[in-house]
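Working notes, beginning with the structure itself.
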Amino acid sequence: MRKRLLGTVFLFLCASGISSSSYAAAWKQFTGHGTYAIQYVGEEPHVKNHYLSNPLVAGEGDWASVKMSSAYGYVASAWTINDEGGGYMSVCNTQGGANEGDVIIFASQIRISIAANFTTYKNNQTFKIWYDEEAQSGDGTLVCSFLSNYEANRYWVPSSTTPTLSYRTSTMENSALFKLIPLYYHNDMVKWLHRTDSLLQDVEKTYPADLKTALLRERENISNMVPALDNTESEAGAAVVSIRQAFEAYRAAGKTETITDLSQLTAEERAGKVTLAVSGPMSGSDFRIIRDEMYNLRELDLSSVTLTSLPDHAFSGHASLRKVVLPATCTRIGKAAFLSCASLATIALPDGLTEIGNLAFARSGLTEIAIGANVHTMGDFVFDGCPALAHITVDGTNSRYCAEEDVLYNKEKTELIKCAPLKAGGLVLPEGLRRIDAYACAGCTALTGTLVLPSTMDYIGNYAFDFCPGLTGGLAIPSTVKHIGNGAFWGCEGIEDTLALPAQMDYLGERSFGYLNKIIRIDLPENLTSLRKSVFHNCTKVKQITSSVLQPPAVESFALHGIDRTHTFVDVPEEALAAYRTAEVWSEFRNYDAVFEGYDRLETSGSYYIQYVGEGVNKNKFLTFNPSSAAKATFAGLNEASVWDLEF
């Protein structure tokens, strides 16, 4: 709000009486966020004190001109101004059904935002806004002028004959003046109106009449405030709090009709169910009906059901299920019970729960999970493939499991079971950790920094760190590690430098280090007998491979695919040179040495002298071109040598 405008100084003369001298002192570039009504305050009589209005409200086309209406209206007259950085602002419509999110863009027109590419939008369809610091009022109203960034130095003006806008003028002294009138909590109020209307239309549940009356009263209050220009910030904030409280009280009190016999429902009734409460015992047929025939079901209340074990595959594949209340008597969640329940974001586990089966919540929409004190058994891959999972907690009194910074361990912290996929920042592993389970950190794209593996490690499971591109720096694998599973570090493209495999390793899986395209050296252990499929696939920057194995390891398909056979050096024991030079795949490498420690490969284009360092009369002489003798190249002293352009 207080930054000075750098660059060209504009003289600004306008009908409001602001002089060019006062402009230089009083006008500042506007940056910030907020929702406003935009009012023209210039002198054109047919549009003076009009408000910007979305033409789509009047049923006109997507590309109709931006119009101004004589009065501030309810629909399409509120605009959100967002700081896009560098002093550029976007101006978006905030409400109006299908018009929501429309942006003022090309040729002073409105276009629905989903059709706009963000990169283009940010660079070519944003604005700069200047406001009169001296004219700023106590209620936050700003007097301002718009500069379009689509076409340099084009300012907004009203049409001389119709209530529309354009940016025909190229000078600030002829540009229009507007007022930005703050609409406090406008977006929140509109959001709660929409949520309230949706809830009031719910016919699946019964609600107390007094709570409905209270919610309708708050809705009416908000509805009256949305189109008003005189709400204070404190009034608007208090109204939002009131409607939220009434909404939550009303929603929590909703009761679903309880059904004891699902078989009595017709096929149409089953398909139409959005909420369901069940009581009494449930059979396998009941779970099948819910899973396969109630495909629109969003909320399921099993709190009155008499069961201790949720069956295997109970709701597997139910894509619309958002909320499930389990009975307090449930002690076991079966295998794949919520597998692929993509809409299930949260679930409260019963206090008495003791067992969670394999894949119980795999590929679900979970965003958080709290594991209780009594859970003593969790199967494999319980939370595998949950891309939205951000938080994992465990009751501190649990004797088998614990969690630290959204990472699930066994109680002793010798086994890492699962890292929440949305966990951001560094991953600090505890000393004493011995095992990282399969898929434990797979897809944790927000992890950053160097991964430090504890010296106690001995096992890294399949796909343990599959596609964690934010991990950077070297990867030091402790000498105690004996097993690295399939795809363990596949796609960890930020890992660099030397990859040294432990001497005592007894298993290196397929695709373990594929696409580590920043590592420059690979050290193979002495007991390695084969390089499995794609183990170093597309490690394109490798310059040196060192192997202490006398018998060349068998190379399976794509194991060394992408590694340069011509320039990569292979260092092996002297007595093994002949074997490597004739072995399948290894024979394709051109550079071998028994003690070679590696050149730095030249990768920078530029001009160079080229010197021969071999034996004979030309030793240490320089390559040159002799045009007088038509010789393509001869050797000469440095003062006679040619300069060569090398491009890579």
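The values are calculated or read from the model by the stated rules, or taken from the named source; none is laboratory data. Computed from a predicted structure; not experimentally measured. Cβ placement follows ideal geometry from the backbone for every residue including glycine, while neighbour counts extend to all protein chains displayed.
What the table below lists for this structure:
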read-out: Residue tally, condition surrounded by 18 or more Cβ atoms within 10 Å (Cβ to Cβ) and either outside the structural domain of Gln504 (by TED's automatic domain parsing) or not in a strand (DSSP E or B) (or both), over the range 544-557; value: 2
read-out: The lone exception for Glu269 - which of (1) in the same structural domain as Phe381 (by TED's automatic domain parsing); (2) modelled with pLDDT under 95 it fails; value: (1)
read-out: So Ala370, is it closer than 15 Å to Tyr401 by Cβ and either of a type in the set (D, E, K, R) or not in a loop (DSSP other than H, G, I, E, B) (or both); value: yes
read-out: Cross-chain or 6+ apart pairs with Cβ under 7 Å, the range 249-261 first and among the aromatic types (Phe, Trp, Tyr), then surrounded by 12 or more Cβ atoms within 10 Å (Cβ to Cβ); value: Tyr250/Leu199; Tyr250/Tyr207; Tyr250/Leu211; Tyr250/Lys212; Tyr250/Leu215
read-out: Of all residues in the range 571-606 being small (Gly, Ala, Ser), touching a strand residue (DSSP E or B) at 6+ places or on another chain (Cβ under 9 Å) and at pLDDT 90 or above, the one that is surrounded by the most Cβ atoms within 10 Å (Cβ to Cβ); value: Ala576
read-out: Test result for Cys444, assigned to a loop (DSSP other than H, G, I, E, B) and over 21 Å from Thr414 (Cβ atoms); value: no
read-out: Inter-residue pairs, beta-carbon under 8 Å, first assigned by TED's automatic domain parsing to the domain that holds Val617 and in the range 628-647, second in a strand (DSSP E or B) and modelled with pLDDT under 80, 6+ apart; value: Ala633/Asn626; Thr634/Asn626
read-out: Qualifying position, being under 30 Å from Leu528 (Cα atoms) and either in the same structural domain as Ala337 (by TED's automatic domain parsing) or in a loop (DSSP other than H, G, I, E, B) (or both), among Leu422, Leu389, Leu475, Leu416; value: Leu475
read-out: Options Leu199, Leu180: the member that is part of a helix (DSSP H, G or I) and in contact with a Gly (Cβ under 9 Å, 6 or more places away or on another chain); value: Leu199
read-out: Among the residues listed as Gly514, Gly509, the single one being touching a His at 6+ places or on another chain (Cβ under 6 Å), crowded, with 17+ Cβ neighbours inside 10 Å and in contact (Cβ under 8 Å) with a residue 24 or more places away in the chain; value: Gly514
read-out: Test for Val240: is it closer than 30 Å to Tyr72 by Cβ, touching a helix residue (DSSP H, G or I) at 6+ places or on another chain (Cβ under 7 Å) and either at pLDDT 95 or above or part of a helix (DSSP H, G or I) (or both); value: yes
read-out: Test: residue in the range 360-379 that is in contact with a Gly (Cβ under 6 Å, 6 or more places away or on another chain) and surrounded by 21 or more Cβ atoms within 10 Å (Cβ to Cβ); value: yes
read-out: Top-ranked residue of the range 525-550 - restricted to ones that are among the charged types (D, E, K, R) and within 21 Å of Asp458 (Cβ to Cβ), ranked as modelled with the lowest pLDDT; value: Glu526
read-out: Answer residue from the range 471-524, given it is of a type in the set (S, T, N, Q) and over 32 Å from the mean Cα position of the chain (by Cα) and is modelled with the lowest pLDDT among those; value: Gln504
read-out: Qualifying residue in the range 68-85 (condition: in a strand (DSSP E or B), within 19 Å of Arg168 (Cα to Cα) and either modelled with pLDDT under 60 or more than 27 Å from the chain's Cα centre (by Cα) (or both)); value: yes
read-out: Any pair with Cβ under 6 angstrom, 6 or more apart, that starts in the range 449-460 at a residue that is of a type outside the set (A, V, I, L, M) and ends at one that is modelled with pLDDT of 95 or more and not in a loop (DSSP other than H, G, I, E, B); value: Thr450/Gly473; Tyr459/Arg435; Tyr459/His483
read-out: Complete set of residues in the range 204-229 that are free of Cβ contacts under 8 Å to residues at least 60 places away in the same chain and in contact with a Ser or Thr (Cβ under 7 Å, 6 or more places away or on another chain); value: Leu215, Glu218, Arg219
read-out: Scope the range 44-59; condition over 36 Å from the mean Cα position of the chain (by Cα) and either modelled with pLDDT of 85 or more or surrounded by 13 or more Cβ atoms within 10 Å (Cβ to Cβ) (or both); matching residues; value: Glu44, His46, Val47, Lys48, Asn49, His50, Tyr51
